[in-house]
């Protein structure tokens with residue numbers, strides 16, 4: 001038993017070393033600030049992550065990079081999801097992470113009974129930030145597929161991602177959310193969706209947000225019910241939670257990156273094998 005534990009610790013340590021090595025040397029990180037003239041020159045800092053060899057190939061006109069837009073949770077920095085951006089960057093994506101809220105913004109006031117509990121103004125601000133980031137990045141890195149992007153987000157960022165996908169479905173390749181709580185899923189089956197759900201009594205998903213099992217099957221939606229807390233799903237979360245999410249996300253991308261056509265709604269949603277310590281359920285129940 002002790003030998004087994006020692007091997008597990010060694011493997012975990014090696015995985016951590018590989019993660020930090022890849023993040024430092026293989027992936028380039030930079031923050032670019034854009035200004036939105038239509039909103040009084042509002043600054044929108046965008047953290048950019050890209051694999052260095054893929055950057056070279058794109059700059060040489062050899063490839064077009066797939067694009068992922070990573071959206072942070074409320075009051076969380078756009079740089080606090082490195083464990084997610086690393087998965088996308090290592091798979092060759094250009095990863096854009098806009099900062100949606102600024103210190104000068106007024107505090108968010110939730111209003112029970114209103115649409116998305118009164119969060120629509122913040123969601124619309126996020127959508128505007130995404131469109132600005134994409135438009136400006138086209139000028140800097142033209143060799144990327146901005147026409148159909150992968151939208152990713154945690155909590156409020158997940159709601160921004162889902163709202164963007166519902167409003168602009170033709171601009172979406174796929175969607176990944178981590179515990180979005182307010183905006184209902186799109187169930188038209190135009191793209192595949194992966195969603196990780198927490199088991200956290202402090203963060204409850206609003207009624208009507210999650211699809212039924214039947215809707216998931218028809219629309220190509222995979223729902224993963226986990227034992228993680230809501231705030232475990234960012235860089236400050238436990239390594240076990242992040243590693244498990246990374247593994248399932250990488251498997252999902254492996255299954256879908258070659259699929260550029262609309263989802264075949266006659267087929268079952270993608271299955272993720274060997275989820276490790278996380279219970280995998282193709283279900284909307286929590």
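The values are calculated or read from the model by the stated rules, or taken from the named source; none is laboratory data. The structure displayed is predicted, hence computed values, not measured ones. All Cβ positions, even for glycine, are placed from backbone atoms using ideal geometry, and neighbour counts span all protein chains on display.
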Kindly indicate whether residue 184 is over 10 Å from residue 230 (Cβ atoms), in contact (Cβ under 8 Å) with a residue 12 or more places away in the chain and in a loop (DSSP other than H, G, I, E, B). yes
In this structure, is residue 108 more than 18 Å from residue 235 (Cβ to Cβ) and either at pLDDT 95 or above or surrounded by fewer than 20 Cβ atoms within 10 Å (Cβ to Cβ) (or both)? yes
So residue 137, is it farther than 28 Å from residue 25 by Cβ, touching a residue at least 24 places away in the same chain (Cβ under 8 Å) and either under 11 Å from the mean Cα position of the chain (by Cα) or not in a strand (DSSP E or B) (or both): no
Determine if the range 273-284 includes at least one residue that is buried (at least 19 other Cβ atoms within 10 Å of the Cβ), under 24 Å from residue 71 (Cα atoms) and modelled with pLDDT under 50. yes
Can you name the number of the only condition in (1) assigned to a loop (DSSP other than H, G, I, E, B); (2) surrounded by fewer than 24 Cβ atoms within 10 Å (Cβ to Cβ); (3) in contact with a helix residue (DSSP H, G or I) (Cβ under 9 Å, 6 or more places away or on another chain); (4) at negative phi that residue 77 fails? (3)
Taking the range 86-126 as the region of interest, how many residues are within 28 Å of residue 37 (Cβ to Cβ) and either in contact (Cβ under 8 Å) with a residue 40 or more places away in the chain or within 14 Å of the chain's Cα centre (by Cα) (or both)? 13
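Can you pull out the residues in the range 134-157 that are under 14 Å from residue 99 (Cα atoms) and either touching a helix residue (DSSP H, G or I) at 6+ places or on another chain (Cβ under 8 Å) or crowded, with 24+ Cβ neighbours inside 10 Å (or both)?
Residues satisfying the conditions are 152, 153, 154, 156, 157.
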